[in-house]
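Please treat every number below as a calculation from the coordinates, not as lab data. Computed from a predicted structure; not experimentally measured. Ideal geometry is used to build each Cβ from the backbone, glycine not excepted, and the neighbour counts take in all protein chains shown.
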Amino acid sequence: MKSLKPSMREKKRYLLVKGENLKENVEKAILEYVGVLGFSKASPNWIEIKKDFGIVSVNRKSVDFVKASFVIFEKKLEVVKVSGTLKGLGK
C-alpha cells in the first residue's frame, strides 16, 4: 500500500492535559460536548499517560472544541499546553 502525500495526511496537535483518571474523563468530556460525530472528527489518540498528566493528539481543526469540552466537564481537566510537535511540549 502506498503512503499518503504530506498534504493529504491529517494535521495533528498535541495537548498536555492534567487531571485525574484521564483516559476515562477525556473521552467522556469530548463525547458529552461534541457527540459521537465530533469525537470521530477530533480523532483523539493517546501518546503517553502518566499518573497525573497525559499527552493526547487531536485533529488540528478540533482543538478548540476539545479544549471547550474540558472546561465545561464536571471534573477538573486542564490543558497545560498545545503544540504542533511532541518536542515542543517540553518533554
Mind listing whichever residues of region 26-44 are closer than 21 Å to Arg9 by Cβ, without any contact (Cβ under 8 Å) to a residue 24 or more places away in the chain and not basic (Lys, Arg)? Phe39, Ser40, Pro44
Any residue in region 65-91 that's over 15 Å from Ala42 (Cα atoms): show its pairings with residues that are among the acidic types (Asp, Glu) at Cβ separation under 8 Å, as long as the two are six or more apart or on different chains. Phe73/Glu32; Lys75/Glu20; Lys76/Glu20
Positions within region 34-64 being over 21 Å from Gly90 (Cα atoms) and surrounded by fewer than 18 Cβ atoms within 10 Å (Cβ to Cβ), in sequence order: Gly35, Val36, Leu37, Gly38, Ser40, Lys41, Ser43, Lys61, Asp64
Would you point out which residue out of Lys87, Lys75 is touching an Asp or Glu at 6+ places or on another chain (Cβ under 8 Å) and surrounded by fewer than 17 Cβ atoms within 10 Å (Cβ to Cβ)? Lys75
